[in-house]
Amino acid sequence: MVSPLVLHAPPAVGFESPFEMLDACHERVERTLALLERLSAHLQTQGEPGPAQSAARDVLRYFDLAAPLHHEDEEQHVFPPLLTGADPVLAALAQALIDEHRLLAQAWTRVRQDLQACLAPPPLPAFSAAQAQGWADFCALYRQHLRREDQVAYPAAQAVLDRPARQHMGREMAARRGQRPPEA
């Protein structure tokens, strides 16, 4: 039986398809948020420390490493054409999404502190209703952010970025991660 506090591997996509890579990142964010919610429930019932520590490490790893790179990808490639385009509604949305990246980073700092406490030797630390609400608020803010990117920002950016721009985007995304860029 698989533990409910396990994060599954992301789908395999490559940097040659940068928007599919961004979509895959959003799927991973969703899975990581779901894991965070399961961990919250686990901590509220003072469950076993081993699965809690493993889940905390997975969530920390994603939001400490992958999420900042993903936000940088968006700020370097997705939002600029919207900010400089002719549509003021899209420009305002892009700026709002950039601002939300800062809010998400601030909210993550608080959640991160709680997760770090889970990594201490057993027993698990007490987990308050206020902490659980803070985690729920972080998840809700992130999901709202993802919906606006998926439903509006990504389609609008894809409509204006031609093939050479997307290839450049994929190469830069790979380079940010120290990976080999896709073939041109």
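The values are calculated or read from the model by the stated rules, or taken from the named source; none is laboratory data. In this text, all values refer to a predicted model and were calculated from it rather than measured experimentally. A quick note on method: Cβ atoms are made from the backbone with ideal geometry, for glycine too, and the neighbour counts reach across all protein chains shown.
Residue count for the stretch 50-65, restricted to those that are touching a Cys at 6+ places or on another chain (Cβ under 7 Å) and farther than 17 Å from P125 by Cα: 0.
Which ones in the stretch 100-121 are small (G, A, S) and in a helix (DSSP H, G or I)? Scanning the stretch 100-121 gives A105, A107, A117. Close Cβ contacts (under 9 Å, 6 or more residues apart or on different chains) running from residues in the stretch 56-78 that are over 25 Å from D114 (Cβ atoms) to residues that are in a helix (DSSP H, G or I) and acidic (D, E) comprise D73/E172; E74/E149; Q76/E172; H77/E172; V78/E149.
Going residue by residue through the stretch 126-148, is there one that turns out to be closer than 30 Å to S54 by Cα, surrounded by 14 or more Cβ atoms within 10 Å (Cβ to Cβ) and modelled with pLDDT under 95? Within the stretch 126-148, one or more residues are closer than 30 Å to S54 by Cα, surrounded by 14 or more Cβ atoms within 10 Å (Cβ to Cβ) and modelled with pLDDT under 95. Checking the stated criteria, L83 turns out to be under 30 Å from R163 (Cα atoms), touching a residue at least 12 places away in the same chain (Cβ under 8 Å), of a type outside the set (D, E) and out of contact with any strand residue (DSSP E or B) (no Cβ under 7 Å at 6 or more places or on another chain). Scanning the stretch 122-154 for residues that are part of a loop (DSSP other than H, G, I, E, B) and either in contact with a strand residue (DSSP E or B) (Cβ under 7 Å, 6 or more places away or on another chain) or over 26 Å from G47 (Cα atoms) (or both) yields a count of 0. Do we find a residue being within 23 Å of A105 (Cα to Cα), surrounded by 14 or more Cβ atoms within 10 Å (Cβ to Cβ), over 18 Å from the mean Cα position of the chain (by Cα) and at pLDDT 95 or above anywhere in the stretch 151-169? Scanning the stretch 151-169 turns up no residue that is within 23 Å of A105 (Cα to Cα), surrounded by 14 or more Cβ atoms within 10 Å (Cβ to Cβ), over 18 Å from the mean Cα position of the chain (by Cα) and at pLDDT 95 or above. For the stretch 82-99, the tally of residues that are in a helix (DSSP H, G or I) and surrounded by fewer than 18 Cβ atoms within 10 Å (Cβ to Cβ) stands at 9.
From the list F63, F138, F127, F79, the one residue that fits, being more than 22 Å from E30 (Cα to Cα) and among the aromatic types (F, W, Y), is F127.
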